[in-house]
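*Asks:* A single structure is presented below for examination.
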C-alpha cells in the first residue's frame, strides 16, 4: 500500500476505503503545516487548518478527479480552508492579520539551528508578511509544493508560463523587502 | 533568450527536462553577459530556501485519528 501513488490512494478513499486517508495524512501533514504556518498562522491554528483540510478531503472526496493531480487538488482545498478561516476570523472581529509583530513567534521555534540561520528565517518571515496575500501564497506554494510550476499552475488555475512570471515577480519583491529589513 | 529570468528560476527549481537543462547550461556558458542576471535570480531563490517551519505537535495526529475514526464509524452504520 505504501508504494501506491497519492492519486491511487485518494481513489481508494473515494471508493470508500476511508482508512487509506491515514497514509495520505502521513505523507503530507508536514508540508501542509508548513504551508499554513508560513502564510502567517500560528502553530496551533496551522494544526487545526491541516485537520480541516483532511476533513474536507473526506467530505468532498467525490470531487477528486481520478485522472487529476492529487497535490494540486490538496492545495486547492488548503487555500480554500485558509481563506474561509480568515473570513470567519474577520467576521468575528478577530484579526490574526499577518504583520511584522505577529511573526515574532517564530523566535520560539526549536533551537536546533544556528542563531544566524534563525535570524535569517525570522527576517524572511517578516518580509513574507509584507507581501500581498497572493504573492505570499505563490511563494509558499512554490516552496511547499515541491517547486513544480505545472502543479502550481493547476492550483491557481493559470498557465505554467503565467505561474513562472508571477513567482518571479513575487520573488523579486520578497528579496527587495528582505534587503530593506536587513538594513534596519 | 526570451524570459531568461523565468527560465533561470525553472532551472533552479529543477523544473526543466534533462534536454532543456543541458540547453540552458550551454546557453549560460556561451553567454557570459547573462551570468550576472542568473546570479541575481539565484540569490533570490536561495533566500526562499531559508523558509522553514517547526514540527507539528502530536495533538495534530491525535485529532486526525479521532476525526478519521468518527468518519469510519459513521460509514459503518
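The values are calculated or read from the model by the stated rules, or taken from the named source; none is laboratory data. Since the structure is predicted, the reported quantities are computational estimates derived from the model, not experimental observations. Cβ: placed from backbone, ideal geometry, glycine included. Neighbour counts: every protein chain shown.
*Asks:* So which residues in the stretch B:23-77 are in a loop (DSSP other than H, G, I, E, B) and either more than 25 Å from residue A:32 (Cβ to Cβ) or touching a strand residue (DSSP E or B) at 6+ places or on another chain (Cβ under 8 Å) (or both)?
*Replies:* Matches in the stretch B:23-77: B:31, B:77.
*Asks:* Now a separate question. Could you check the stretch B:1-22 and list, in sequence order, the residues that are in a loop (DSSP other than H, G, I, E, B), surrounded by fewer than 16 Cβ atoms within 10 Å (Cβ to Cβ) and either away from chain A (no Cβ under 14 Å) or without any contact (Cβ under 8 Å) to a residue 12 or more places away in the chain (or both)?
*Replies:* B:2, B:3, B:14, B:17
*Asks:* Looking only at the stretch B:39-71, count every residue that is farther than 30 Å from residue B:11 by Cβ and either in contact (Cβ under 8 Å) with a residue 24 or more places away in the chain or surrounded by 15 or more Cβ atoms within 10 Å (Cβ to Cβ) (or both) and tell me the total. Reasoning before the result, please.
*Replies:* Of all residues in the stretch B:39-71, those farther than 30 Å from residue B:11 by Cβ come to B:54-71.
Now drop any that are not either in contact (Cβ under 8 Å) with a residue 24 or more places away in the chain or surrounded by 15 or more Cβ atoms within 10 Å (Cβ to Cβ) (or both), which leaves B:54, B:56, B:60-61, B:63-64, B:67-68, B:71.
Going through the stretch B:39-71 one residue at a time, the tally reaches 9.
*Asks:* A further question follows. Where in the stretch A:122-184 are there helices (runs of 4 or more DSSP H), lying fully within it, with 1 or more residues that are out of contact with any helix residue (DSSP H, G or I) (no Cβ under 7 Å at 6 or more places or on another chain)? It would help to see each step written out before you state the result.
*Replies:* On the way: elements: A:133-144, A:149-156, A:160-183.
So the answer is A:133-144, A:160-183.
*Asks:* Still on this structure, I have one more. Anything in the stretch A:95-147 that is crowded, with 17+ Cβ neighbours inside 10 Å, at pLDDT 60 or above and closer than 17 Å to residue A:78 by Cα? List them, or say none.
*Replies:* Hits for the stretch A:95-147 are A:135, A:136, A:137, A:138, A:139, A:140, A:141, A:142, A:143, A:144, A:145.
*Asks:* Does the stretch A:168-175 contain at least one residue that is modelled with pLDDT of 90 or more, more than 11 Å from chain B (Cβ to nearest Cβ) and surrounded by fewer than 20 Cβ atoms within 10 Å (Cβ to Cβ)?
*Replies:* The answer is no; no qualifying residue exists.
*Asks:* Just to verify a result, which residue in the stretch A:33-56, among those that are in contact (Cβ under 8 Å) with a residue 60 or more places away in the chain and outside any loop (DSSP other than H, G, I, E, B), is farthest from the other protein chains (Cβ to nearest Cβ)?
*Replies:* Our first condition is that a residue be in contact (Cβ under 8 Å) with a residue 60 or more places away in the chain; within the stretch A:33-56, this holds for A:34-35, A:38-40, A:42-43.
Going one step further and asking which of them are outside any loop (DSSP other than H, G, I, E, B), we end up with A:34-35, A:38, A:43.
On the way: A:34: 4, A:35: 9, A:38: 6, A:43: 6 Å.
Within the stretch A:33-56, the match that is farthest from the other protein chains (Cβ to nearest Cβ) is A:35.
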